[in-house]
Amino acid sequence: VEEVKLDLTLTGTSAVSGEVYSDVGQPVPNAIIQWGDSKHRATSGPRGEFQLARLPGGPAPLRLSAPNFVSQEVTAELKADEVKSLGRLMLLSSLTLQGEVVNALTEEPIPDVRLSLAGRAERAETSDQGRFRIDDLPAKELKLNLEAPGYVTDQFIANPAAETAAVR
């Protein structure tokens, strides 16, 4: 008797829908919406609308991402056979923080400076030319910490609206 192994996957009967909007109140078309780690994903339409169907019940992270926006994760919980609208989900505009760290006296670039953002996981280190770049940050005021051997540890406030950084 020959044995055949089958891997079968049953889909759920629940669905979730909503709209993806920017932090300035505009719909975000072409955002990717993914249900947990599953293959269930959708792309938002021209008015930011989306729907994911045939989902299993239970809690799962709903991941939202779009170019020029900070990715976001929200937890959604569905009951079996439930169709739920999440309403408007907001994505924050993203920015890239880049610059150069120099010695205050000589104005020479400082390599190997460790940069970190207060309350965030993103980190960077300056190049041999003292340059750094940190991508996909929320477009809001950020506290940037700088550490380098032989220098005083310092904190700067980066304000993207004013395009400035000031010593704190």
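The values are calculated or read from the model by the stated rules, or taken from the named source; none is laboratory data. These figures come from a predicted structure and were not determined experimentally. Cβ placement follows ideal geometry from the backbone for every residue including glycine, while neighbour counts extend to all protein chains displayed. Note: accessible area is taken over every heavy atom of the protein model, side chains too, but ligands, DNA and RNA are not part of it. Shrake-Rupley method; radii C 1.70, N 1.55, O 1.52, S 1.80 Å.
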It is to be established whether one or more residues within segment 91-105 are touching a residue at least 12 places away in the same chain (Cβ under 8 Å), under 21 Å from W35 (Cα atoms) and either among the β-branched types (V, I, T) or open to solvent by 50 Å² or more (accessible area, probe 1.4 Å) (or both).
yes
Selected residue (only one of I157, I134 is assigned to a strand (DSSP E or B), touching a residue at least 24 places away in the same chain (Cβ under 8 Å), open to solvent by less than 80 Å² (accessible area, probe 1.4 Å) and of a type in the set (A, V, I, L, M, F, W, C)):
I134
Check whether at least one residue in segment 38-54 is under 23 Å from R120 (Cβ atoms), surrounded by 14 or more Cβ atoms within 10 Å (Cβ to Cβ) and within 24 Å of the chain's Cα centre (by Cα), and report yes or no.
no
Step by step: first the residues of segment 1-18, then only those that are open to solvent by 90 Å² or more (accessible area, probe 1.4 Å) and among the hydrophobic types (A, V, I, L, M, F, W, C), then the one that is modelled with the highest pLDDT. Which residue is that?
V4
Within segment 19-37, the residues that are on the phi > 0 side of the Ramachandran plot and either under 14 Å from the mean Cα position of the chain (by Cα) or open to solvent by 70 Å² or more (accessible area, probe 1.4 Å) (or both) are N30
Condition check: among the hydrophobic types (A, V, I, L, M, F, W, C), open to solvent by less than 100 Å² (accessible area, probe 1.4 Å) and farther than 30 Å from S17 by Cβ. Does A118 satisfy that?
yes
Residue match in segment 71-84 (condition: in contact with an Asp or Glu (Cβ under 9 Å, 6 or more places away or on another chain) and either on the phi < 0 side of the Ramachandran plot or among the aromatic types (F, W, Y) (or both)):
yes
Go through (1) in a strand (DSSP E or B); (2) open to solvent by less than 90 Å² (accessible area, probe 1.4 Å) for S127 and report which single condition fails.
(1)
